[in-house]
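Note sheet for the following structure.
The values are calculated or read from the model by the stated rules, or taken from the named source; none is laboratory data. Here the structure is a predicted model, which is why all the values come from computation and not from measurement. Cβ coordinates were reconstructed from backbone atoms using ideal geometry, including for glycine residues, and neighbour counts include every protein chain displayed. The area values use the complete protein model at the heavy-atom level, side chains included, leaving out ligands, DNA and RNA. Shrake-Rupley method; radii C 1.70, N 1.55, O 1.52, S 1.80 Å.
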Amino acid sequence: MPGRTTTGGRRTLRWALSPLTSASTVRAGVYLVIGGVLAGAYFALAAGFVQMFADPATPRVAVGVLALLTAVIVGAPPFLAPVRALEVAAVRTFLDVDARTLPDPVGAPTVATRWRGAAWFALHLVLGALVTVGLLVAVPLATQLVLSAFGVDRAFLVQMGPTFAANPVGWLALGVLALVALPYGTALARRLLRQSAEPLLGPDQTARIAELEARADRLAERGRLARELHDSVGHALTVTTLQAAAAARQVETDPDAARRSLAAIEEAGRSAMADLDHVLGLLRGGEAAAGTRRAPARSLDDLPVLVADARHAGTDVRLDLDAGTAGSLPRATSHEAYRVVQEALTNAVRHAPGRPVTVWVSVDDRTLDVAVANPLPDAPSPATPSPGGGRGLHGMAERVRLLRGELEAGPRDGTWVVRARFPVDRERGASA
């Protein structure tokens with residue numbers, strides 16, 4: 001207990017003395033002095049016009065017009081967006097306000113934001129004027145009191161009266177106290193400004209909502225890119241692994257089949273590189289990247305190639321595809337349907353190797369149906385997909401949900417079936 005009491009006392013002492021030793025007090029003092037100088041300029045202008053109005057010889061109308069124009073000119077800066085941005089940067093630097101609490105201003109400020117910025121400007125000037133006046137009064141007064149108390153120049157105490165001259169030690173203490181009070185006043189003003197920074201300089205409700213919407217859009221885009229990368233590259237790696245195993249088995253007994261497997265590996269690698277280049281280009285962003293990246297737009301027209309790759313990998317795949325299906329569909333629907341089939345086929349090849357797979361694609365006036373089915377393995381392994389489990393199933397569900405479709409995935413009579421239904425708008429498909 002005594003040790004805890006001693007530690008707590010030391011912390012309290014450090015906290016009490018922190019305004020005297022902290023660099024943050026110095027930075028805040030510089031910021032407040034800048035505000036005090038600006039306040040002095042405003043005060044000088046106001047005092048000058050008061051004197052002109054007090055002089056009977058001054059033409060009142062001309063001075064009134066000049067005062068009005070001056071008020072507009074010197075009153076406009078607090079409402080300007082560049083001044084608010086400058087204040088935000090200064091608050092971060094001098095008052096140590098975190099950028100997450102006070103982000104950079106984005107877009108044109110609203111009327112309410114401009115008024116809040118003007119209120120901050122006024123608060124800065126008022127507190128800066130108080131600290132600056134205290135600095136200009138306390139430092140010379142304390143210096144004169146200390147010099148007089150040590151007998152260097154007692155004229156100041158003598159001028160103040162016999163009571164002052166008779167108690168030099170007391171006035172020495174008063175001088176030191178005046179110097180010490182200044183950092184504490186600065187620390188108090190700093191705390192008030194830090195507490196007011198977010199309400200007055202932070203984004204308003206509209207800006208916060210816009211930022212949340214932009215963040216949600218960024219997260220959705222990242223999710224879409226992750227699904228593209230998972231589906232395309234994951235499929236290519238699965239095919240490559242199976243083809244490499246087949247080539248290793250056939251290199252001695254059937255060199256032609258081994259060469260075909262190696263060719264399929266090469267083609268899968270090229271396809272994966274194209275998809276990867278596309279996704280990386282999207283991640284880099286910018287107009288330059290947009291002009292150089294390749295953008296493979298896979299659709300249901302590419303299903304025969306996808307099925308051929310799976311067959312080359314040794315999987316018996318039966319494709320039942322309506323003729324002309326892809327050409328009558330919106331591009332987004334055709335692309336997402338292709339990715340669903342690709343992921344389902346990849347899962348079938350990976351989790352039930354050697355089992356036949358059937359792919360159905362049918363479309364009518366209102367619905368596009370895609371389905372992939374394969375017999376379940378005799379002995380399910382931990383890698384066997386399960387309803388609601390697996391990153392691939394989540395990715396397929398997100399793709400289908402974004403187009404207001406439905407996804408079913410699960411075992412049915414010893415067969416694993418993935419079925420997706422997409423609503424079809426043929427007018428949009430025709431115009432796409």
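Look at region 303-323: where a residue is over 14 Å from Gln342 (Cα atoms) and in a helix (DSSP H, G or I) and a partner is at pLDDT below 80 and open to solvent by 50 Å² or more (accessible area, probe 1.4 Å), sitting 6+ places away or on another chain with Cβ atoms under 7 Å, you get His312/Arg260.
Filtering region 89-146 to residues that are in contact (Cβ under 8 Å) with a residue 60 or more places away in the chain and part of a loop (DSSP other than H, G, I, E, B) leaves Asp96, Val97, Thr101, Leu102, Pro103, Pro105, Val106, Gly107, Thr110.
The residues of region 62-88 that are farther than 25 Å from Ala47 by Cβ and surrounded by fewer than 13 Cβ atoms within 10 Å (Cβ to Cβ), listed by number, are Pro82, Leu86. Exactly one residue out of Thr333, Thr238, Thr315 is of a type in the set (S, T, N, Q) and at pLDDT below 70: that is Thr238.
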